[in-house]
Amino acid sequence: MRAAADDGGLRRSAALGARLAILTAFTVFFVIPVLWLILAPTKSDKALTTSSPLAFGSLHQVATAWRHLDAFSDHIYRTWIGNSLLYAFGATAIVVATAIPAGYGLALGSFPGRRLLLTLTLVVMIMPAAALVLPIFLELNSLHLIGSVFSVILPFAFYPFGVYLAYIYYATAIPPELLDAARTDGCGEWQTFRRVALPLAKPVVALVFFFSFVADWNNFFLPYAVLADSSQYPIQVGLSDLLSSTPSFNPAVGGGGQQVNIFRPELALATLLAVVPVAIVFLFSQRALVRGLVGGAVKE
């Protein structure tokens, strides 16, 4: 019996060791590229190819990389960041104003076509976003909106996943008795939503806001298709344009015609700075996000 127990302990130790090895391998696989990206702006372009990949350079090199990046094409990097903030916050504001009431209506309303609308919401939610670019482009072109701010904000404001999140929250986490009590006290449907349902839905509002903002911030294909002027690009399209202007990655591009040369440290810094707004939004909404994610699991 003791030998059998020892064999069982050895098997459990071997299984635990195998799991730890697999998890360590995956961690290294994903963490090393992120560390390289963080450390790349601290080194010169030459040092990136000659020194250790995970070696730290200097903070002075980070400042130099920022000066080169900021000077690129008359400070256009700042313009791209500003455009992304405008597009993402503008569209997200519309999403929050429309998706929360829509989810409330689908969850608690009773009207003809409710199930059909919910089904269509689910179907559109799982469709690839790229599949809708062509019809959206044709629609915007017919309205003469191509190349304008609205050609990005209005399509971004269509966010069925936000409607579905609000639907799930109202269908599972809001006690119907609270809403019935408000109606009994004389509140109409709009007053019930505004005074009772909406204040109780702060977690899901934060959830919809965060996911919508991230989706809008990271969207590349639609702005690339509807915007021709580089001064209107959001940061994701701008980074692609920046990459094509980098001699390190495109040998056909030289210094002629450019105010500065953009190399790998500047490109790494540009990528890191493009993540900062999303990180800030996450930090401010982190607590509400956790509540929103678990809010539909149990009745409150």
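The values are calculated or read from the model by the stated rules, or taken from the named source; none is laboratory data. Quick caveat: nothing in here was measured; it's all calculated off a predicted structure. Methodologically, a virtual Cβ is constructed for each residue, glycine included, from the backbone with ideal geometry; neighbour enumeration extends over all protein chains shown. SASA here: full protein model, heavy atoms, side chains in, ligands and nucleic acids out. Shrake-Rupley method; radii C 1.70, N 1.55, O 1.52, S 1.80 Å.
Here the convex hull built on the C-alpha positions of segment 143-189 has a volume of 106 cubic angstrom per residue.
Leaving out ligands, DNA and RNA, and with a 1.4 Å probe, what % of the accessible surface on the chain is carbon or sulfur?
69 percent
Considering all alpha-carbon pairs of the chain, what whole percent are spaced by more than 24 angstrom? Cα-Cα pairs of the chain separated by over 24 Å account for 66 percent. In the context of the full set of protein chains, residues of segment 69-228 present 50 Å² of accessible surface per residue (probe radius 1.4 Å, heavy atoms only). Look at where the Cα atoms of segment 72-90 and of segment 21-68 average out, and the two centres are 25 Å apart. Distances longer than 16 Å among the Cα atoms of segment 1-119: what percent of all pairs is that? The proportion of pairs with Cα distances above 16 Å equals 80 percent. Charge dipole (Cα centre; +1 on Lys/Arg Cβ, -1 on Asp/Glu Cβ; no other charges) of the chain amounts to roughly 760 debye.
The mean sequence separation of alpha-carbon pairs under 8 Å and at least six residues apart, normalised by the residue count of the chain, gives a relative contact order of 28 percent. Taken over the alpha carbons of segment 111-249 as equal point scatterers, the Debye sum produces base-10 log I(q)/I(0) values at 0.15 Å⁻¹ of -0.90. Relative to the globular-protein estimate of 2.2 N^0.38 Å, the Cα radius of gyration of segment 116-181 stands at 1.52.
The order of the peptides 136-142, 32-38 by mean Cβ neighbours within 10 Å, most packed first, is 136-142, 32-38.
For segment 185-224, the Cα-based Rg and Dmax, in that order, read 15.9, 52 Å. Once all protein chains are placed together, Val133 keeps about 20 Å² accessible to a 1.4 angstrom probe. Convex hull volume of the C-alpha atoms in segment 107-150, normalised per residue: 123 Å³.
Please say if segment 43-85 is rounded, prolate or oblate, where rounded means a/c under 1.5 for a ≥ b ≥ c the square roots of the C-alpha gyration tensor eigenvalues, and otherwise the choice is prolate for a/b larger than b/c and oblate otherwise? Prolate, since a/c reaches 1.5 and a/b exceeds b/c. Under 10 Å, Cα contacts only: if you run a Gaussian network model on the chain, which one of Ala21, Ala166, Ala63 comes out with the highest mean-square fluctuation? Looking only at Ala21, Ala166, Ala63, the largest GNM fluctuation is found for Ala21.
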